[in-house]
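Student: This is the structure I want to talk about, given as structure tokens.
The values are calculated or read from the model by the stated rules, or taken from the named source; none is laboratory data. In this text the structure is predicted, and so the values were computed from the model without any measurement. Cβ coordinates were reconstructed from backbone atoms using ideal geometry, including for glycine residues, and neighbour counts include every protein chain displayed.
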Amino acid sequence: MDDLFLFNATILKNRFDLSQTNIHIKNGIIHSVDFDNIDVINAQNTQIVDCEGKTLLTGFADAHLHLFSYSSSLNQLDVSYPKVKNINQILKVISNSIENSPEGTWILCDGFDEMDLDNQLSLDILDNIFKNNPIKINHRSGHACFMNSLAMKRLSISTSSEDYKRGLIDRDDNGNLTGWFFDMNEQISFLLREKNQAKRTEINISNTLEQLIHMGIFYIHDASINNDLEKWNICLEHSSSLQFSPSITLLPGIDHLDEFINRGLYFGYKEKDMMLGHTKIIVSSISGSIYPNLNQLSNQISESHKYGFPVAIHAVTQDEINNTLDALEIVYSNSNHPNKDRIEHFTEATPEIITKAKKLGVNLVVNPSFIYQNGFRYSQRIPKMLQPYTFNYRTLLDSGFNLAIGSDAPYGNLDPLINIQSMVNRKDQLGNIYNGNQAISITESMWLISQGVNQVSANDIISKKPSVGDKANIVILNQNLQNIDHTNVHKLAVDVVIKDGFRILS
Ligand SMILES: [Zn+2]
């Protein structure tokens, strides 16, 4: 490994300001850092790289994603709009896949949203055409799926099956299954795994971890509700077997917290490149009533706090967020709180909600790439009156919230540059602008997607700036941020990735 002298790079000083820097990397370690000084050193065996004012970061962070779902989505048929524009095209995608697979193979599809299409998918259509293959079609939100009769039969799901917790098995007026399942992914993937006898390890986590490094993402939080001790061990196995891996914070699911506690593992516990994070709880109103209700939720929060774990609560709608804030208020009124609790998504952030949340001092993890993926859906489906209060990052920052950025991949877009674009130009994939008044600057966006994670972690996991003695973890972009605004943010790209002193991408 050559020693490197990175000269004339632009670095973020804080959320608003930039400065010039030179960095000398020796044996993969940061040997010296000079700010506001552009003298070039003269040393042997040192490659001098003129960064020409381009932006230098200590890596991107993703404060909310789903490693296993993302990895398995890579092997599923993409039936998302606009790739697929009607039901016939979906049937064609499925038929093609069946023709090219062994008989009776499970056909798994992802990204479906029937509201994007002109006609509806029904059990009759699927059952009539595909008699020999079990088929499962995931909704793009990750909160619903559709299965044909053979798939339900294989998983032993029948009219007598019971709903599960916050989930719902959809039935028609006669009590017959319609094929739709809401918020039951955890149970269904468990059944699928049992049937296939496919171990979770077969899902290619390593490829995903390598992909993350190539994108310059060095820090991730996995916020899946089914995170248990087995998943902790699998992640540990994959990340230790790789030469370069992002550091992974695993958020234990509320139903699995005891597995970690019984092992003596605690919030902020570290092993190799892994850390244990907040307890993940989902508040959902998908089944028609809120689950968990106020009482159950405040008990779950207290229980988690009792063992020193702050909570990360999934709450999207006003009802879900209000229920969450009310529960936190109950808990806080009874005891001291760790002050690091976070709310995930926080989509419908009305003025009343903002006031209430600010008073409680919660931190927020938001998902800008949803603007890119779904802007055209939101402008049609979210009531006009509510739209100004959704994805309202300008207001949230001006209200003084700590924000961290999560892609929510595979449901949102994993690419940090897409997340940055969404914050700065507010454009969806079709070029429409969603709630444009809520745009934030490129410097603020870059700060949030690299440093925001520190506010929602057990401790600072990403260094504020390159510091002497650290392993060289550096990402260089193709532009100086001074020259970037909403008109050209889409041109931003990653030029160089240096992980642990090695140039991965250049
Ligand atoms: Zn999520």
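Student: In this structure, is GLU186 surrounded by fewer than 21 Cβ atoms within 10 Å (Cβ to Cβ), within 16 Å of the ligand (Cβ to nearest atom), at pLDDT below 90 and not assigned by TED's automatic domain parsing to the domain that holds ILE313?
Tutor: Here the answer is yes, as GLU186 does meet what is asked.
Student: Taking the stated definitions as given, is SER241 hydroxyl-bearing (Ser, Thr, Tyr) and more than 26 Å from VAL366 (Cα to Cα)?
Tutor: Working: hydroxyl-bearing (Ser, Thr, Tyr): yes; more than 26 Å from VAL366 (Cα to Cα): yes.
Taking the combined requirement at face value, the residue satisfies it.
Student: Take VAL456 and tell me if it is modelled with pLDDT under 95 and under 30 Å from ASN27 (Cα atoms).
Tutor: Spelling it out, it is not the case that VAL456 is modelled with pLDDT under 95 and under 30 Å from ASN27 (Cα atoms).
Student: Limited to the stretch 321-365, what total is found for residues that are small (Gly, Ala, Ser), farther than 16 Å from ILE282 by Cα and part of a helix (DSSP H, G or I)?
Tutor: In the first step, residues of the stretch 321-365 are kept if they are small (Gly, Ala, Ser); the result is 327, 333, 335, 349, 357, 361.
Okay, now just the ones that are also farther than 16 Å from ILE282 by Cα, so 333, 335, 349, 357, 361.
Next, from what is left, pick out any that are part of a helix (DSSP H, G or I): 333, 357.
Selection size over the stretch 321-365: 2.
Student: Next question, about the same structure. Of the conditions (1) within 16 Å of the ligand (Cβ to nearest atom); (2) in a loop (DSSP other than H, G, I, E, B), PRO102 satisfies every one except a single condition; which number is it?
Tutor: (1)
Student: Looking at LEU108, LEU126, LEU121, can you tell me which residue is hydrophobic (A, V, I, L, M, F, W, C), touching a residue at least 12 places away in the same chain (Cβ under 8 Å) and part of a helix (DSSP H, G or I)? First the steps, then the outcome.
Tutor: On the way: LEU108 fails: part of a helix (DSSP H, G or I); LEU121 fails: part of a helix (DSSP H, G or I).
Criteria check complete, one pass: LEU126.
Student: Can I ask one more? Return the residues of the stretch 166-183 that are part of a loop (DSSP other than H, G, I, E, B) and either small (Gly, Ala, Ser) or surrounded by 15 or more Cβ atoms within 10 Å (Cβ to Cβ) (or both); say none if nothing qualifies.
Tutor: First, the residues of the stretch 166-183 that are part of a loop (DSSP other than H, G, I, E, B): 166-167, 172-176, 183.
Result: ARG166, GLY167, GLY175, ASP183.
Student: Looking only at the stretch 142-155, how many residues end up being at pLDDT 90 or above and out of contact with any Gly (no Cβ under 8 Å at 6 or more places or on another chain)?
Tutor: In the first step, residues of the stretch 142-155 are kept if they are at pLDDT 90 or above; the result is 144-155.
Subset that is out of contact with any Gly (no Cβ under 8 Å at 6 or more places or on another chain): 144-145, 150-151, 153-155.
Qualifying residue count, the stretch 142-155: 7.
Student: Would you be able to say whether some residue in the stretch 453-460 is more than 16 Å from the ligand (Cβ to nearest atom), surrounded by fewer than 17 Cβ atoms within 10 Å (Cβ to Cβ) and touching a residue at least 60 places away in the same chain (Cβ under 8 Å)?
Tutor: Yes, that holds for at least one residue.
Student: Hey, another quick one. Give the residues of the stretch 407-451 that are more than 16 Å from the ligand (Cβ to nearest atom), of a type in the set (S, T, N, Q) and within 27 Å of ASP110 (Cα to Cα), sorted by residue number.
Tutor: Keep residues of the stretch 407-451 that are more than 16 Å from the ligand (Cβ to nearest atom), which gives 415-418, 420-451.
Retained after the next criterion (residues that are of a type in the set (S, T, N, Q)): 421-422, 425, 429, 432, 435, 437-438, 441, 443, 445, 450-451.
Across the stretch 407-451, the qualifying residues are GLN421, SER422, GLN429, ASN432.
Student: So, one more: Please count how many residues of the stretch 234-267 are crowded, with 16+ Cβ neighbours inside 10 Å and small (Gly, Ala, Ser).
Tutor: 4
Student: Could you count how many residues in the stretch 322-375 are of a type in the set (S, T, N, Q) and touching a Ser or Thr at 6+ places or on another chain (Cβ under 7 Å)? Steps first, please.
Tutor: Filtering the stretch 322-375 for residues of a type in the set (S, T, N, Q) gives 322-324, 333-336, 339, 347, 350, 355, 363, 367, 369, 373-374.
Add one more test, that the residue is touching a Ser or Thr at 6+ places or on another chain (Cβ under 7 Å), and what stays is 347, 367, 369.
The number of residues fulfilling the criteria is 3.
Student: Ok, one more. Give the residues of the stretch 386-399 that are part of a helix (DSSP H, G or I) and not charged (D, E, K, R), sorted by residue number.
Tutor: First, the residues of the stretch 386-399 that are part of a helix (DSSP H, G or I): 387-389, 393-398.
Within the stretch 386-399, GLN387, PRO388, TYR389, TYR393, THR395, LEU396, LEU397 qualify.
Student: Another question about this same structure. Please tell me if ILE48 is part of a strand (DSSP E or B), touching a Gly at 6+ places or on another chain (Cβ under 7 Å) and modelled with pLDDT under 95.
Tutor: Details: part of a strand (DSSP E or B): yes; touching a Gly at 6+ places or on another chain (Cβ under 7 Å): no; modelled with pLDDT under 95: yes.
So ILE48 fails the test.
Student: Tell me which residues, restricted to the stretch 237-268, are within 20 Å of the chain's Cα centre (by Cα) and either on the phi > 0 side of the Ramachandran plot or aliphatic (A, V, I, L, M) (or both).
Tutor: Result: ILE248, LEU250, LEU251, ILE254, GLY268.
Student: Please tell me if SER304 is surrounded by 15 or more Cβ atoms within 10 Å (Cβ to Cβ) and at pLDDT below 95.
Tutor: Working: surrounded by 15 or more Cβ atoms within 10 Å (Cβ to Cβ): yes; at pLDDT below 95: no.
So SER304 does not fit the description; no.
Student: Next question. Out of all the residues in the stretch 218-233, which are at pLDDT below 95, part of a helix (DSSP H, G or I) and either buried (at least 19 other Cβ atoms within 10 Å of the Cβ) or within 16 Å of the ligand (Cβ to nearest atom) (or both)?
Tutor: Residue satisfying the conditions is LYS231 alone.
Student: Among the listed residues PHE260, PHE267, which satisfies the condition of being touching a residue at least 12 places away in the same chain (Cβ under 8 Å), assigned by TED's automatic domain parsing to the domain that holds ASP319 and assigned to a loop (DSSP other than H, G, I, E, B)? Full working, then the answer.
Tutor: Values: PHE260 fails: assigned to a loop (DSSP other than H, G, I, E, B).
Going through PHE260, PHE267 in turn, just one is touching a residue at least 12 places away in the same chain (Cβ under 8 Å), assigned by TED's automatic domain parsing to the domain that holds ASP319 and assigned to a loop (DSSP other than H, G, I, E, B): PHE267.
Student: Which residues, taken from the stretch 142-160, are of a type outside the set (Val, Ile, Thr), surrounded by 15 or more Cβ atoms within 10 Å (Cβ to Cβ) and either away from the ligand (no atom under 16 Å from the Cβ) or part of a loop (DSSP other than H, G, I, E, B) (or both)? Explain how you work it out, then say what you get.
Tutor: We begin by selecting, within the stretch 142-160, every residue of a type outside the set (Val, Ile, Thr); these are 142-156, 158, 160.
Going one step further and asking which of them are surrounded by 15 or more Cβ atoms within 10 Å (Cβ to Cβ), we end up with 142-152, 154-155.
Answer for the stretch 142-160, where residues must be of a type outside the set (Val, Ile, Thr), surrounded by 15 or more Cβ atoms within 10 Å (Cβ to Cβ) and either away from the ligand (no atom under 16 Å from the Cβ) or part of a loop (DSSP other than H, G, I, E, B) (or both): GLY142, HIS143, PHE146, MET147, ASN148, SER149, LEU150, ALA151, MET152, ARG154, LEU155.
Student: May I ask you to verify whether HIS278 is farther than 20 Å from PHE182 by Cβ and more than 16 Å from the ligand (Cβ to nearest atom)? Quick ask: steps written out before the conclusion?
Tutor: Working: farther than 20 Å from PHE182 by Cβ: yes; more than 16 Å from the ligand (Cβ to nearest atom): no.
So HIS278 does not fit the description; no.
Student: Tell me whether the stretch 352-367 contains one or more residues that are in contact (Cβ under 8 Å) with a residue 60 or more places away in the chain, buried (at least 20 other Cβ atoms within 10 Å of the Cβ) and polar (S, T, N, Q).
Tutor: Checked against the condition, which is being in contact (Cβ under 8 Å) with a residue 60 or more places away in the chain, buried (at least 20 other Cβ atoms within 10 Å of the Cβ) and polar (S, T, N, Q), the stretch 352-367 yields at least one hit.
Student: Right, here's the next one. Which residue out of ARG377, ARG381, ARG342 is of a type in the set (Lys, Arg) and under 21 Å from ARG394 (Cβ atoms)? Steps first, answer last, please.
Tutor: Numbers: ARG377 fails: under 21 Å from ARG394 (Cβ atoms); ARG381 fails: under 21 Å from ARG394 (Cβ atoms).
Sole residue among the options that is of a type in the set (Lys, Arg) and under 21 Å from ARG394 (Cβ atoms): ARG342.
Student: Whether any residue in the stretch 290-308 is more than 20 Å from the chain's Cα centre (by Cα) and within 16 Å of the ligand (Cβ to nearest atom) is what I want to check.
Tutor: Filtering the stretch 290-308 for residues more than 20 Å from the chain's Cα centre (by Cα) gives 290-308.
Pick out the ones that are also within 16 Å of the ligand (Cβ to nearest atom) and you get none.
Looking through the stretch 290-308, none of the residues is more than 20 Å from the chain's Cα centre (by Cα) and within 16 Å of the ligand (Cβ to nearest atom).
Student: Select from the stretch 400-442 the residues that are in contact with a Leu (Cβ under 6 Å, 6 or more places away or on another chain) and part of a helix (DSSP H, G or I) and list them in ascending order.
Tutor: LEU417, ILE442
Condition check ((1) closer than 23 Å to MET215 by Cα; (2) within 16 Å of the ligand (Cβ to nearest atom)) across all residues:
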site	(1), (2)
CYS51	yes, no
ALA61	yes, yes
HIS64	yes, yes
PHE68	yes, yes
SER71	yes, yes
LEU74	yes, no
LEU77	no, no
TYR81	no, no
VAL84	no, no
